[in-house]
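What follows draws every value from the coordinates through simple rules; no lab data is involved. What you are looking at is a predicted structure, and each value in this text was computed from that prediction instead of being measured. All Cβ positions, even for glycine, are placed from backbone atoms using ideal geometry, and neighbour counts span all protein chains on display.
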Amino acid sequence: MHSIYLVPVGHTRYELYTEPSDDAVRDAEQEHGFVRERIQRLRERWRDAVQTARRGNAVGRVARMRDWAVCRAAESIAEQRTLWSLRNISEAQLSYPSDVSEPDATDIRSRLLTAARRHHGLWLALDGVLFVVSGLLVLVPGPNVLAYYFGLRLLGHYLSWRGARHALDKTAWQVHAEPALAELRQLADLPRESRAPRVEAIANGLKLPRLAAFFDRVAV
């Protein structure tokens, strides 16, 4: 059964979290055979752009800003994979903080998914327009990083919208109270350096190796 975690990232703020396979985009390519080759090419070019940006060898303010934007976009795309993973799931288990009641946890999950469906639906339409406009830059020498960016955003928002809709309408949910998630709520207000060892221990206990990095990005 697919596991989803309701992670407290503040006293009243929550995020849905899972650690799906890194093959999420590849799965999407298989589902959309009529554009498979184009998406694969786009994915490879974007991966190259991200690797270049992360090396930090850019010269000049514009180039450094571009690399910063590419790295931030890569993080945003990665975080959407929780919703991507839900698009074909018939059964899922929601692990929620043990200091929250089961009805409240269920309500929070539904509110997060409803908001995600609306948010990604709006951005799906907007990024579709921006992707078409970015194609005009094909006339500019060099790789069209902007088109790769909007192309993957378009794909990402589509998969996220589809995952949120499927999870709301078709997924059968079971719930499980998890004490370790309740402890994360108390850690959210602490400085990163102070909380890091305990957050890492919780992540290891839940067998979620990427949870600590995710928590650091979103906790306030």
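Below, the figures for the structure above:
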| item | result |
| --- | --- |
| Lone unmet requirement of (1) in contact (Cβ under 8 Å) with a residue 12 or more places away in the chain; (2) surrounded by fewer than 17 Cβ atoms within 10 Å (Cβ to Cβ); (3) aliphatic (A, V, I, L, M) for residue 190 | (1) |
| Pair list, Cβ < 7 Å and 6+ apart or interchain, from the stretch 148-165 residues that are more than 13 Å from residue 122 (Cα to Cα) to residues that are hydroxyl-bearing (Ser, Thr, Tyr) | 150/134; 163/85 |
| Among the residues listed as 213, 201, 182, the single one being surrounded by 15 or more Cβ atoms within 10 Å (Cβ to Cβ), over 21 Å from residue 115 (Cα atoms) and out of contact with any Leu (no Cβ under 9 Å at 6 or more places or on another chain) | 182 |
